[in-house]
Each structure stands twice: as structure tokens, then as C-alpha cells.
Amino acid sequence: MKIAIGADHGGFPIKDMLVSILESGGHEVLDVGAYDLNPADDYPDFAQAVAELVSAKEAEKGIVLCGSGVGAAVASNKVRGVRASVCHDTYSAHQGVEHDDMNVLCLGARIIGEETARELVLSFVTAVFSGEERHLRRMKKVSDMEETF
């Protein structure tokens, strides 16, 4: 699977570890930065870069890391076709994909540790949208909202 990943200074400390885990699992990783720790960088830049790759279907899924995950989710969801959420538990990380077709996982590196981040990423990337009628119906409503607003 092709997975885009990006992190601001808040998420930077765990990004390389997650890239290694993804690559060791056979995934192709599109790393949009940050490549160096820069306390003055801004999460919307990395969220946009990841979200655009997912929206354009150049990546199947995306991961955005910041301090809390909240800013990354807010910014990522501004890109059409992106369904991003903060997940700090494994149930939400896989259920968000299975029921809500979530395609961008947002993590707060200041909230979770490396082991939890690893578990969340693995839950997210292995999950598959169910395609059940009730979930398709709900996703259609979400898509209609995106078109309207």
C-alpha cells in the first residue's frame, strides 16, 4: 500500500520510527517532511501535503503527526475527499476505516508514546472499509455535505 506521512515539529520525534515500521511491512511511504526538527514549522503545511496526495489518489492512506493530532485533523479535513480523524486508541483507528472510510490518521506525538503509535498505525493500515449498505449510505450523506458546503 502507498501511504503518505507528514509531521510538524510536534510529531517529528516519532515520524521516522513510523516510516520504518511501514516500510518493514512492505508499504511504500511518501514522506512529505519535516525532514529536520524546526520548532517554527506549521502543521497545516504537512497536513495539506498528505491530504492532497490522498485526495488525488496518489496515496491510498495518509498519516499526519503533530503535537495533539487535533490541528492535523482540522487541516486535513479541509481537502476534498479526505476523511481524517485523531485516533489515540486502536478501536477507533480500525473502526474509523471500517465504518467511516477514514483515509487519514492523525496522531498526537505529545499524547501517545512510540508503542501506542505503532499499534495505531498498524490497526489503521490493515483496516478495510466494510462497504456495508448502512456505511455506504452514511458516507453518501457525508459526501453530499462536502459538495454542499
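Net charge within 12 Å of His9 by Cβ-Cβ distance, Lys/Arg positive one each and Asp/Glu negative one each, not counting His9 itself?
Neighbourhood net charge equals -3.
Report the label-to-label distance for Lys57 and Arg80 in nanometres (one decimal), using points 7 Å from each Cα along the Cα→Cβ vector.
My value for the distance between the label points is 1.4 nm.
We did not get these values from a lab; they are worked out from the coordinates using the rules stated. As the structure is a computational prediction, the values presented were derived from the model and not from experiment. Positions of Cβ are backbone-derived with ideal geometry, glycine not excepted, and every protein chain shown enters the neighbour counts.
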